[in-house]
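Asker: One structure coming up, written as structure tokens, with questions to follow.
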Amino acid sequence: MRRTEAELAKRRAYARRQREEQDAEDRRVRDWKEREEKDRRDDATPHYAVCKLGPHRFCWAAWPAGVSMIDPAVAHGYADDEPAATAAAIQAAGPGEYPAAPHPKGFARWPHEQHLLTERAAKRANGHDSAVLELLWTAHWSTSDDWLEPPSLSVQAWRVVKRTARRIYVDRERYDPLRRPSGTIWDYDVRTHVLDRAHLEREGWAERAGRWWEARRYFVRREDAVAAAGDRSARPRLGASAEAPVPECLRVLGLTPPCSRQQVERAYRRRARAAHPDAGGEHAAFLALRRAYEAALRLVPAGVA
């Protein structure tokens, strides 16, 4: 009797799972059909969007019936006020049943930005771009994990993209004279850092937002950037001198400076396996090895892995 009730419970649970899976599949099919129907209605409906660019400047974009809004706008333009922009967009989109409200302004701003980038690309291609190559400089020291390798000074150039009355815009990508443009409008879609123009012209340097001042400080002259970075090439480094005596704790472990914390631990484990009393070693020798290991850990800087 108990087995029969257990089998009936399993069958009911299985049937319930089947119904739930079927209901979920029916919902997916229904949602897909609704989306397809909405897309068909949208394609059969003209669309337009309006975006404000300034106090007396608006841009608009229009998609006639049969054109999806995921495609580029068929027509776009500019007007002095919003009613004029709306009227021009409706006229360009053609007759039909329009949505109750225009679409978000981003749909109109995208053709405007594409238009600006296309104009800049045409000016540069025709040689009419008056922009002159202007570079700013950064300099900072970089160190290696190898203690014997001295620090190296990295001096980098950054291209000034744009100047305004208050700000200077610098390309986020390091300037590379060997880099060639792709020939598309995306060559002019540049991400930038913003600097204070007045401070740069007055002091000869300016900082962008960031944490590390050596990487975020830009100089007008390369010599100033190098001088601000200082000279670290002659600074002594721990364990870099071959004439320095080897500490007793490192000598017990069979190491010589410079060495890392990982090397100290590896040398201790290798010797502990042979010096441990359970392996036939002497208890005093093992304690001496342990004291040398602890002293070596104190000798090695904590930041050295």
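The values are calculated or read from the model by the stated rules, or taken from the named source; none is laboratory data. Please read these numbers as outputs of a predicted model, since none were measured by experiment. A quick note on method: Cβ atoms are made from the backbone with ideal geometry, for glycine too, and the neighbour counts reach across all protein chains shown.
Asker: Quick check on segment 256-284: of everything there that is surrounded by 15 or more Cβ atoms within 10 Å (Cβ to Cβ), at pLDDT 85 or above and not charged (D, E, K, R), which residue is farthest from the chain's Cα centre (by Cα)?
Answerer: Among those residues, the one meeting the criterion is 272.
Asker: Of the residues in segment 78-91, how many are among the small types (Gly, Ala, Ser) and surrounded by fewer than 17 Cβ atoms within 10 Å (Cβ to Cβ)?
Answerer: Within segment 78-91, residues that are among the small types (Gly, Ala, Ser) and surrounded by fewer than 17 Cβ atoms within 10 Å (Cβ to Cβ) number 2.
Asker: Another question, then. For residue 46, only one of the following conditions fails: (1) surrounded by 13 or more Cβ atoms within 10 Å (Cβ to Cβ); (2) at pLDDT 85 or above. What is its number?
Answerer: Of everything listed in (1) surrounded by 13 or more Cβ atoms within 10 Å (Cβ to Cβ); (2) at pLDDT 85 or above, residue 46 misses just condition (2).
Asker: For residues that are small (Gly, Ala, Ser) and either at pLDDT 75 or above or not in a helix (DSSP H, G or I) (or both), scanning just segment 207-221, find the one that is surrounded by the fewest Cβ atoms within 10 Å (Cβ to Cβ).
Answerer: The selected residue is 209.
Asker: Also: Among 79, 84, 9, 93, which is more than 38 Å from the chain's Cα centre (by Cα) and modelled with pLDDT of 90 or more?
Answerer: 84
Asker: Of the conditions (1) surrounded by fewer than 17 Cβ atoms within 10 Å (Cβ to Cβ); (2) in contact (Cβ under 8 Å) with a residue 24 or more places away in the chain, residue 57 satisfies every one except a single condition; which number is it?
Answerer: Of (1) surrounded by fewer than 17 Cβ atoms within 10 Å (Cβ to Cβ); (2) in contact (Cβ under 8 Å) with a residue 24 or more places away in the chain, only one is false for residue 57: (2).
Asker: Return the pair list, or none, for Cβ contacts closer than 8 Å from residues in segment 189-216 that are at positive phi to residues that are modelled with pLDDT of 80 or more and basic (Lys, Arg), at least 6 apart or on different chains.
Answerer: 204/221
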